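Beneath this line is the structure, given in structure tokens, with notes to follow.
The values are calculated or read from the model by the stated rules, or taken from the named source; none is laboratory data. All figures in this text were calculated on a predicted structure; none of them were measured in a lab. For the accessible areas, the whole protein counts, side chains as well, though only heavy atoms, and no ligand, DNA or RNA atoms are used. Shrake-Rupley method; radii C 1.70, N 1.55, O 1.52, S 1.80 Å.
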Amino acid sequence: MPLSEFEKRELDLIGHSLEAEDPRLAALLNKDAFELSLRRRFRRGLILVAAGACILILGLMIRVPVLGIAGFAVMNGAAYWAIKDFRWSLRPTNRNVTQVEGNSE
């Protein structure tokens with residue numbers, strides 16, 4: 001069921017008052033901010049995976065098995081941390097939808 005004009009105005013008023021009272025909370029609740037934090041975490045995870053690979057190779061070169069195992073653990077932990085909140089979907093998404101079903105406006 002679509003929102004009425006009154007409900008849309010009320011939601012806008014609530015959103016504007018939230019932004020005025022607590023801009024940090026409004027930024028945190030913003031969808032784009034969440035996507036940016038996911039990208040940032042993914043990049044940091046890739047850097048940590050690369051660091052773990054370097055530690056693994058260093059452990060192999062100087063023949064210290066504990067160092068190689070630690071590098072492998074860092075790689076796996078960083079990879080898990082980097083992708084744990086991604087939402088994987090095999091369904092194609094159509095982001096060019098202009099009208100919601102049931103909305104006759």
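Could you state how much accessible area Phe86 has, in square angstrom rounded to the nearest 10, with a 1.4 Å probe and all protein chains kept in place?
Result for Phe86: roughly 60 Å² accessible.
Roughly speaking, what is the stretch gain from Asp22 to Leu46, that is 0.36 nm per residue apart minus the C-alpha to C-alpha distance, in nm to one decimal? Present the calculation step by step, with values, prior to reporting the outcome.
Numbers: separation 24, 0.36 × 24 = 8.64 nm, distance 3.32 nm.
Computed gain between Asp22 and Leu46 is 5.3 nm.
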